[in-house]
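Here is the structure we will look at, set down as structure tokens.
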Amino acid sequence: MEWIHPMPKIELHAHLNGSIRDSTLLELARVLGEKGVIEFADVENVIQKNDRSLDEVFKLFDLIHMITTDHQTVTRITREVVQDFAVENVVYLELRTTPKRNDSIGMSKRSYMEAVIKGLRSISEVDVEFVAATDSEKLHNSCDGVGRKKIYVRLLLSIDRRETTESAMETVKLALEMRNVGVVGIDLSGNPLVGEWSTFLPALQFAKDNDLYITLHSGEVPNPKEIQAMLDFKPHRVGHACFFKDQDWEKLKSFRIPVEICLSSNIITKSISSIDIHHFADLYKAKHPLIICTDDFGVFSTTLSNEYSLAVRSFGLGKRETFALAKSGIDATFAEDEVKQQLGLIFDSASPEYV
Ligand code: 6MZ
């Protein structure tokens, strides 16, 4: 399946802090260990563990956030994550992250996001296009693209399910202010066992009313009432959908809401007990819009190519079908029409390899 790696790909469900290279995480943990802030040996074991329950994943995120949440590190991991996706031949990336406030180091949600933007600007190995083409702001590293890789990057600001309505609203307002630097929407994520839908609804509704795109982690654990309420909200996409029941599928399909599919994540966290019963198969057969994504390539030790090969092996997709599936992701992006057209051209020029 050597054809999967060079194939142009679209990534729509990737959490910044879940997509850190193990080597970077270990390097940063070692430094904190030397300063006595953490016990490096404990951290090393947790980071290198491959098999994690959903609960353990969220404990790991708390640890990762301790290690990574300063401006300089946020800039570094943003740069590395985008570089890693570009190496994977991802041509369009929607990267999501939770803006964080930490008064003790002078970090506000805005300064956190500015550190992310600084990371995008600091990439020189590939051309990164992250502001709308109509925006007058010019990128210092913008090139003509000839002979160089180019990756479109758009940002989603995540609301963590531990947040209050007020804090969620602050994130939405920040997203509105940062539209001119590539922010296109809002994600609701975090431990699905924590928080109530009604807490986030006012901020999500405000975001929607102001034309931000919305994607929701939905049905990562069984929660029938919340799943129905989320679908009634008509988000622009949902992620996971592992515990959807017949009535949920019906609604999702009638609204044509695209689903972000994260195979390794669902299997490793045991949200789905075995790949052969994964809802990918049914949605694919029903020609429902879906897109293969990594979720957290660092935490789940995967790559987008690996996720595609898992789908190919598990569901018997051919080369041409896989290419068509990857290309169909264009319609599910939150990008401007002009970018969608450009992506269409990129896929069209690669298509002779995949017939
Ligand atoms: C729900 C998840 C997640 O935002 O700090 N996150 N939320 N389900 C998942 N599936 C396993 N994977 C990641 O990235 C890490 C944060 O993303 C969310 C969690 O809130 C996690 O703390 P950022 O860049």
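None of the figures in this text is laboratory data; all of them are computed from the coordinates on show. Model, not experiment: these values are computed from the prediction. Cβ atoms come from the backbone with ideal geometry, glycine included; neighbour counts cover every protein chain shown.
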Packing-based ranking, highest mean first, of 159-167, 32-40, 116-124 given that Cβ atoms within 10 Å are counted: 116-124, 159-167, 32-40
Pairwise FRET efficiency - M1 versus S108, Cβ, R0 = 35 Å, nearest 0.05: 0.20
Full-stretch length increase - S53, T164 - with 0.36 nm per residue and alpha-carbon distance subtracted: 37.4 nm
Convex hull projection area averaged over all views, the chain, Cα basis, nm²: 17.1
3J(HN,Hα) from dihedral phi, region 36-51, Karplus parametrisation 6.51/-1.76/1.60, rounded to Hz, x for glycine, proline: x, 6, 9, 9, 4, 4, 4, 5, 4, 4, 5, 5, 8, 6, 9, 10
Net +/- balance of residues flanking R154 in space, Cβ distance below 11 Å, scoring K and R +1, D and E -1: -2
Net charge, F40 excluded, C-beta distance under 9 Å - Lys, Arg +1, Asp, Glu -1: -3
Under 20 Å from the Cα of K59 - lysines, other chains or at least 8 residues apart: K49, K100, K270
Mean separation of Cα contacts under 8 Å (6+ apart) over length of the chain, as relative contact order %: 19
All lysines inside 16 Å of K253 as judged from Cα atoms, apart from same-chain residues fewer than 8 positions distant: K234, K245, K285, K287
Charge context of E114, other residues only, Cβ under 12 angstrom, K/R +1, D/E -1: +3
